[in-house]
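Reading through the structure tokens given below for one structure.
Laboratory data are not the source of any read-out in this text; all were calculated from the coordinates shown. The shown structure was predicted, so the numbers you read here are calculated from the model rather than taken from an experiment. Here the Cβ positions follow ideal geometry from the backbone for every residue, glycine too, while neighbour counts run over all protein chains shown.
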Amino acid sequence: MENKTNLGRRRFLSIAALTVAAAEFGNINMLKAGTGPTAAVVNRSFNNASFENIKQINAGVLNVGYAELGPATGQPVILLHGWPYDIHSYKDVSALLAAKGYRVIVPHLRGHGTTQFLSAQTPRNGQQAAIASDIIALMDALKIEKAIMGGFDWGARTANIMAALWPERCKALVSVSGYLIGSQEANKKPLSPEMELSWWYQFYFATERGQMGYQANTHDFAKLIWKTASPEWHFDDATFQRSAVSLDNPDHVAIVIHNYRWRLGLAEGEAKYDELEKKLAAGPVINVPTVTLEGDANGAPHPNPANYAAKFKSKYAHYTLNGGIGHNLPQEAPKAFADAIIEADSFTK
């Protein structure tokens, strides 16, 4: 999950000094019922249909599985899922955007769904720079020069990184829970007991027992995270099982365990990403038009919007969605997320 939010609380301790007074971030809006570009926030998804066709393409070190909707000539939009979720978080969002003429690409991240490593020798690395580099490689393979990026959890962090390091490839950005770029150094700082408790699974994964437990109980573990991260989203078994299949990827456990151990400095990354990680550790600003979103019932750790507003230097808006919207915001409030993509696109006009 992220985390996403994961690096969320930890990273934000390191940038607490960026907290700004309410008077200084007038472009942060609290969405009220029936107002703003995302008025129908309680338009929850109970569509259990799967994507009809999953395409595959070699990109970087991966053969990436992805769904594609909309006209081939449309403005590209790349939507990135989190953990423990999959591309179906965007089933309804992608349909809404395709109907508006966008070309929507929804890839399985490494370790999920039909995405596979091309070589058995490639490290099963879950560090943030590796995942972001995967999406740049996917854009290259698809010959997409520039796209609107959207994401939540791991996907939001990945989209943040792309916008910060490769702004020329990102036309606009929609990020759930805002700015999620972090570093191993920032993650060394202890949190309050209450906040540490919210990261229980990160410490569980740091142990061999945790790795074995996740391997043995992947689906049950994921369902628990879904419930605690979105306590007011009453998804049914069919909705969960549709995404849970993606967690059966043979590299899934290795990627997840490495991701969380790397964050705490308990696992090494790959040297080829060292320079990227140095840049990310400095907390780079994002100079891409951005809309950030938060749900009013997000049960996962997440930062206060005031703490990250100063990180977005281009045209920017924030909306907190009412109606019991949790961590998996694109799936719980698909129209809200689609509207945010359209609004972010309008910022570039």
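Using mean Cβ contacts within 10 Å as the protection proxy, how do 116-127, 293-304, 258-269 order, highest first?
Values: 116-127: 15.6, 293-304: 22.7, 258-269: 19.3.
Descending mean neighbour count gives 293-304, 258-269, 116-127.
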Task: Full-extension gain in nm, N58 to F203, via 0.36 nm per residue minus C-alpha separation - done: 48.8 nm
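Based on the Cβ-Cβ distance from T348 to D296, what FRET efficiency comes out when R0 is 45 Å, to the nearest 0.05?
Numbers: r = 28 Å, r/R0 = 0.63.
After rounding to 0.05, the efficiency reads 0.95.
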TODO: Consider a paramagnetic label point 7 Å from the Cα of E232 along Cα→Cβ; state which residues of the stretch 165-200 have an amide N under 18 Å from it.
DONE: 177
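Quantify how much of the Cα-Cα distance distribution of the chain extends past 28 Å, in percent. All intermediate terms of the calculation are to be shown ahead of the outcome.
Details: 20812 of 60726 pairs.
Taking all Cα-Cα pairs of the chain, the fraction more than 28 Å apart is 34 percent.
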Open item on the list: In the stretch 279-294, whose amide N lies under 13 Å from the spot 7 Å out along Cα-to-Cβ of K313? List them in ranges.
Closed with: 283-289
TODO: Return the whole-Å distance between the Cα centroid of the stretch 147-223 and the Cα centroid of the stretch 285-349.
DONE: 16
Task: Sequence ranges 182-190, 223-231, 161-169, ranked by mean other-Cβ count within 10 angstrom, highest first - done: 161-169, 223-231, 182-190
Open item on the list: Rounded to the nearest 20 debye, what is the charge dipole size of the stretch 249-349 about its Cα centre when +1 sits on each Lys and Arg Cβ and -1 on each Asp and Glu Cβ?
Closed with: 320
- [ ] Rank W262, S94, A186 by how far each Cα sits towards the positive end of the charge dipole of the stretch 5-346 (+1 on Lys, Arg Cβ; -1 on Asp, Glu Cβ) and give me just the farthest.
- [x] A186
- [ ] Compute the length gained on full extension between D140 and L224: take 0.36 nm times their separation in residues and subtract their Cα-Cα distance, giving the result in nm to one decimal.
- [x] 26.6 nm
Task: Anchor K188: aspartates and glutamates whose Cα lies under 14 Å away (excluding residues fewer than 8 positions away in-chain) - done: E196
Task: Burial order of peptide ranges 147-153, 251-257, 238-244 (average beta-carbon count within 10 Å, highest first) - done: 147-153, 251-257, 238-244
